[in-house]
Protein chains: 2
Amino acid sequence: MSKLLIVGSVAFDAIETPFGKTDKILGGAAPYIALSASNFNIPSAIVSVVGEDFPQDYFKTLEERNIDTSAIEIVKGGKTFFWSGKYHNDLNSRDTLETQLNVLADFQPVVPDNYKDAEIVVLGNLNPSVQLSVLEQFSVKPKLAILDTMNFWMEDAFIEGLREVISRVDVITINDEEARQLSGEYSLVKAARVIEKMGPAYVVIKKGEHGALLFHKDQIFFAPALPLEEVFDPTGAGDTFAGGFAGYLTKTGDISFENMKNAIIHASNLASFCVEKFGTERMENLNREEVQQRLQQFKKLTQFEIELS
Amino acid sequence: MSKLLIVGSVAFDAIETPFGKTDKILGGAAPYIALSASNFNIPSAIVSVVGEDFPQDYFKTLEERNIDTSAIEIVKGGKTFFWSGKYHNDLNSRDTLETQLNVLADFQPVVPDNYKDAEIVVLGNLNPSVQLSVLEQFSVKPKLAILDTMNFWMEDAFIEGLREVISRVDVITINDEEARQLSGEYSLVKAARVIEKMGPAYVVIKKGEHGALLFHKDQIFFAPALPLEEVFDPTGAGDTFAGGFAGYLTKTGDISFENMKNAIIHASNLASFCVEKFGTERMENLNREEVQQRLQQFKKLTQFEIELS
């Protein structure tokens, strides 16, 4: 079976939403990506870094979902990356209250030998130089390299590195505002075309509650977000989306555009669970029946029977 | 075959977008609704009012699409309703520059005898008292009454009348912000449930470039807007959507939820043409091949093949 390598932050998050607030809980891109991908029962490993303050319990949470955590470096005397944020009432925007990079500031990723030939790799949101370093450690070019990034790395200090890593991946996942910023185009159709020219053959534009678009040459596929009565905490939804996308492609081993459509649906489906509870809570014990049942909802939500002549 | 009655403003519009501006052109809810519905080759008629300044050519434009204009009253010495607006750069919002109600201020709609038994009626955006008066002139309760409205009628002076007309229709089409305002709920799922309790068994929430949702009891269906390289002029897109929805249901005579899904797709499809040119221009000579070809794009955009176990 194919293997999935996940590179991304592992963090403490402290989150405040209109519905409540948390103390420090498990966060960071990598746990969300990995927990989401774990629904496909594939071999996966995280490359990341934490401090000595990182609880053993959080490793267990990941390992119970068969995620290999042995390449998460523990820095002696170091402190784990910390982020805290507060969402506005509509949950569509948030303020960052505090960011402590801590051990993430000097992170030198080391890809374990048994994952240097992983077929699929997700480069979660991180400094582009770290993402590049991971790609360079592969012994075989991965079948599919998926990059997630954000506007922070589009600033002058990082844009060169970001352009370099973008030029070397197959898929980029990016939100709508960031796609506009990166491309200089307002129309998402035009933005995707500009970004495709930068390297990735597939461009996924995430629109949050408004769904996600997959672009490849002249083809476009769209998946809505499941309309929910209440979004409790949007943290990690984008990473959960990326993890579901990568996990499904790893499981099926089929990276055709037609199969990527299915991957986008699985990605949206899994993200719809993530936002139902604080942090990773909902994703930690999601079961197959729940996932299948909600996929059925996605079908009902989007499939129709118009006969064309 | 079933018949479609359309009540709504007929107007002069003057539109400014980042791409250019128009002099007075054909506008108002009714022409957009009727032109869109005309793609289904059904008998339809407009009930409305214009002034003596309304050009014969505009009647012809409608009649060439087999729209019965004989119930558009021409007020001697009167002036046609005039609206002018300017869109912001993102085309998602606009400022109204001028509104002259003119003959619309005293509009007393008269439903022609041969349409008092129309199976489907669209009550386009108008004073709720005018919409109510139309419903009361029917000799037989229509099979499906579809109401379109906007936030202007949710002000204190009109809300009672609006609630009354909402309580008497089967379908309401309303945009997302207006659904929130009318229901007092931010979540669109909750908003639709509140609005359903006000009367209409079917609630359609229009999200512009983010698509449209159809709600009925516990069922939800979603249609995206077609991703376009450029939106040229959004004027009339919502009315075109309503006209496509009503036209397809009139043509098929099937008002089941399953068939309404198809109607929503046809509605989105037709709206995608409307925004490509100024005003009604693109809708005036749209042909069957163009419509069918773009429906195929909608299928590719949204249909997938996940096998569920």
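Couple of notes before you dig in:
- Consider segment B:192-209 and keep the residues that are outside any strand (DSSP E or B) and open to solvent by less than 30 Å² (accessible area, probe 1.4 Å). The one that is farthest from the other protein chains (Cβ to nearest Cβ) is B:200.
- Segment A:223-233 - residue that is touching a strand residue (DSSP E or B) at 6+ places or on another chain (Cβ under 7 Å) and open to solvent by 10 Å² or more (accessible area, probe 1.4 Å) and, of those, farthest from the other protein chains (Cβ to nearest Cβ): A:232
- Counting only helices (runs of 4 or more DSSP H) that sit wholly inside segment B:118-191, those with at least 3 residues that are within 14 Å of another protein chain (Cβ to nearest Cβ) are B:176-183.
- In segment B:283-295, the residues that are farther than 19 Å from residue B:234 by Cα form Cβ pairs under 8 Å with partners that are in a loop (DSSP other than H, G, I, E, B) and open to solvent by less than 30 Å² (accessible area, probe 1.4 Å), at six or more places apart or across chains, as follows: B:295/A:306.
- Members of segment B:240-254 found to be away from chain A (no Cβ under 11 Å) and either open to solvent by less than 10 Å² (accessible area, probe 1.4 Å) or farther than 21 Å from residue B:149 by Cα (or both), listed by number: B:240, B:242, B:243, B:244, B:245, B:246, B:247, B:249, B:250, B:251, B:253, B:254
- Condition check for residue B:304: within 30 Å of residue A:185 (Cα to Cα), free of Cβ contacts under 8 Å to residues at least 24 places away in the same chain and open to solvent by less than 50 Å² (accessible area, probe 1.4 Å): yes
- Of all residues in segment B:255-277, exactly one satisfies the criterion of being surrounded by fewer than 18 Cβ atoms within 10 Å (Cβ to Cβ), closer than 24 Å to residue B:231 by Cα and of a type outside the set (Lys, Arg), namely B:276.
- Restricting segment B:259-309 to residues that are within 12 Å of chain A (Cβ to nearest Cβ) and of a type in the set (Phe, Trp, Tyr) leaves a set whose member that is farthest from residue B:10 (Cα to Cα) is B:304.
- Count of segment A:70-119 residues which are over 23 Å from residue A:130 (Cα atoms), touching a residue at least 60 places away in the same chain (Cβ under 8 Å) and out of contact with any strand residue (DSSP E or B) (no Cβ under 8 Å at 6 or more places or on another chain): 2
- Some residue of segment A:156-177 being at pLDDT below 95, of a type in the set (Phe, Trp, Tyr) and open to solvent by 30 Å² or more (accessible area, probe 1.4 Å): no
- Failed item in (1) more than 20 Å from residue A:212 (Cα to Cα); (2) touching a residue at least 40 places away in the same chain (Cβ under 8 Å); (3) touching a Gly at 6+ places or on another chain (Cβ under 8 Å), with residue B:263 passing the rest: (2)
The values are calculated or read from the model by the stated rules, or taken from the named source; none is laboratory data. Bear in mind that the values here come from a model prediction, so they are computed numbers and not experimental data. Note that we place each Cβ from the backbone using ideal geometry, even for glycine, and neighbour counts take in every protein chain shown. Heavy atoms of the whole protein, side chains included, go into the accessibility calculation; ligands, DNA and RNA do not. Shrake-Rupley method; radii C 1.70, N 1.55, O 1.52, S 1.80 Å.
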